[in-house]
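Colleague: This structure is in structure tokens; I'll ask about it shortly.
Each value in this text was obtained by applying a stated rule to the coordinates, not by laboratory testing. Treat the numbers as computed from the prediction; the structure is a model and nothing was measured. All Cβ positions, glycine included, derive from the backbone under ideal geometry; neighbour counts span all protein chains shown.
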Amino acid sequence: MIASILPTYNRAPLTFVSGEGSWLTEADGRHFLDLGAGIAVNALGHAHPALVAALTDQAQALWHVSNLYNIPAQQKLADALVDQTFADTVFFTNSGTESCELAVKMARKYWYDKGQPDRTEIITFSGSFHGRSSAGISAAGSEKMTKGFGPLLPGFTHLEFGDHDALQSAVSDKIAAILVEPVQGEGGIRPLPDQCLKGLRDLCDQHGILLIFDEVQCGMGRTGKLFAHEWAGITPDIMMVAKGIGGGFPLGAVLATENAASSMTAGTHGSTYGGNPLACAVGAKVMEIVADDAFLAEVNRKAGHLRQKLEGLVAAHPDVFETVRGSGLMLGLKCKTTNTDVVAAGYAQNILTVPAADNVIRLLPALTITDAEIDEAIKRLDAAATTMTEADA
């Protein structure tokens, strides 16, 4: 008999009832140190007082009116994003998946209105993840996400991650855009080197191709910059955002230059809930906190501390871990043993990590994690690795 909740998730045997900062409380009273942050969503941890206040104040005033009318909180957040980024304009969604849908539509509509309706192809890369919609799974192209869901949406050219020759060969007058994550999340915490991001920008400029960045997981301070592409000193034409921007409240966005967004006129796209007062009140407060230079400097300092400790952990457990990779507080431990077994061993030590492809466990703590909590996390990961080594002895 099927469960009342569609059984599409392999859930851990854990039920959390409350949270504060980097900690979650299980129904049985156990306290877990959270290094997953809801898969990089709870950027400021659980129940951050400023976010609770922003949500409560807005909830007592107005929840929803739809985009038939002006929404002050939406305007405030849009202005902040435009002020702090490359973008000239913003469209608000409820998730990264919805942001992907609009990014694809925007790129194709751009060329249609330019008189090149056949310029629809979008280049993507292996290991990518752009959501679970038809466009998202078609863009990623992996069998894991697409099997059984055909026919897939056409118009995507899939290339191997890091294959520069294939990229050069794929460029033609049919290419509308290149879509890439500056740091792959689901793909196993694989950063695209700065020189490659610069190369992509140069390639797009040379051939008039739109460059789309998916910063759903790596954005909003996660790498120590407000957005990960800033490390390379270049900008995209279109960018997908979600997860951390809402600090736990469902919120996403597509940011774009005036040129890239020029074809998206009244009636070309819409969302009933996107940019509603509740979500944008929280998002505006997240931006106020995360975009601060001093806050980002602290993220970088703590990231250095965590990475140093993780390097020591890898050295201490060479039979369990292979290497550390990633950027800022978006780090991955590539495992020698099965990564899901490492995650499970962590549960036994009351610590939460997130599995990813390439046998990696993701460490995506709240950007507000303290040094003491980082030290405690290493202690618990060390204990988890020790139990695995002893079990194999």
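Colleague: So who's got an amide H within less than 5 Å of the one on Glu322, skipping anything under 5 residues away but keeping other chains? H placed 1.01 Å off N, in plane.
Modeller: So Glu322 has HN proximity to Lys334, Cys335, Lys336.
Colleague: Would you kindly derive the ³J(HN,Hα) couplings of the range 179-192 from the backbone phi angles with the Karplus curve 6.51 cos²θ - 1.76 cosθ + 1.60 (θ = phi - 60°), listing them in order in whole Hz, with x for Gly and Pro?
Modeller: So the J values, rounded to whole Hz, are 10, 8, 8, x, 9, 5, x, 4, x, x, 6, 10, x, 7.
Colleague: While we're here: In degrees between 0 and 90, to the nearest 10, how far off the longest principal axis of the chain does helix 371-392 point, with axes built from Cα atoms?
Modeller: Tilt relative to the chain: about 70 degrees.
Colleague: Shifting gears a bit: Only sites in a loop by DSSP and with at most 16 other Cβ atoms within 10 Å count here; which GluC sites (Glu not before Pro) in the range 317-389 make the cut?
Modeller: Details: sites: Glu322, Glu373, Glu376; in loops: none.
Nothing satisfies the criteria.
Colleague: Compute the relative contact order of the chain as a whole-number percentage, counting only Cα pairs closer than 8 Å that sit 6 or more residues apart in sequence.
Modeller: Over the chain, the number comes to 23 percent.
Colleague: Using only the alpha-carbon atoms, what does the range 93-214 span along each of its principal axes? Please give whole angstrom values in decreasing order.
Modeller: Cα extents, longest axis first: 35, 32, 27 Å.
Colleague: Give the Debye-formula value of log10 I(q)/I(0) at each listed q (0.07, 0.12 Å⁻¹), with one equal scatterer per alpha carbon of the range 50-290, two decimals each.
Modeller: Per q value, in the given order, log10 I(q)/I(0) is -0.22, -0.65.
Colleague: Antiparallel DSSP bridges in the chain: what percent, to the nearest 5?
Modeller: Bridges in the chain are about 65 percent antiparallel.
Colleague: Now a separate question. When only C-alpha pairs under 8 Å and at least 6 residues apart count, what is the relative contact order of the range 96-188, in percent?
Modeller: Values: 130 pairs, mean separation 33.7, N = 93.
Value for the range 96-188: 36 percent.
Colleague: May I ask you to derive the relative contact order of the range 4-87, considering only C-alpha pairs under 8 Å and at least 6 residues apart, and to give it as an integer percent? Let's see the in-between values first.
Modeller: Values: 48 pairs, mean separation 14.0, N = 84.
Relative contact order for the range 4-87 comes out at 17 percent.
Colleague: At most 12 other Cβ atoms within 10 Å plus a DSSP loop assignment makes a site exposed; report the longest stretch of the chain without any exposed chymotrypsin sites (Phe, Trp or Tyr not before Pro).
Modeller: Looking at the chain, 150-393 is the longest stretch - no exposed chymotrypsin sites (Phe, Trp or Tyr not before Pro) with at most 12 other Cβ atoms within 10 Å.
Colleague: Under a 5 Å amide H to amide H cut-off, with H placed in plane at 1.01 Å, what residues pair with Phe125 once short-range neighbours are removed?
Modeller: Placed amide hydrogens put Leu159 under 5 Å from Phe125.
Colleague: Could I ask something else about it? Calculate how steeply helix 293-316 sits against the longest principal axis of the alpha-carbon atoms of the chain, using the helix alpha-carbon long axis, and give the answer as 0 to 90 degrees to the nearest 10.
Modeller: Value to nearest ten degrees: 50.
Colleague: What is the fewest-to-most order of Leu331, Leu313, Leu77 by other Cβ atoms lying within 10 Å of their Cβ?
Modeller: Details: Leu331 22, Leu313 19, Leu77 27.
So the ranking, lowest neighbour count to highest, is Leu313, Leu331, Leu77.
Colleague: So how far apart, in nm, are the two label points at Leu68 and Ile2 if each is 7 Å from Cα heading toward Cβ?
Modeller: 3.4
Colleague: In addition: So, in Å, what gap is there between the alpha-carbon centers of the range 258-326 and the range 110-188?
Modeller: Centre-to-centre (Cα) distance: 23 Å.
Colleague: Same structure again: Let me know the Rg and Dmax you get for the range 30-118 when you use only its Cα atoms, in Å.
Modeller: Every Cα atom of the range 30-118 included, Rg and Dmax give 17.9, 61 Å.
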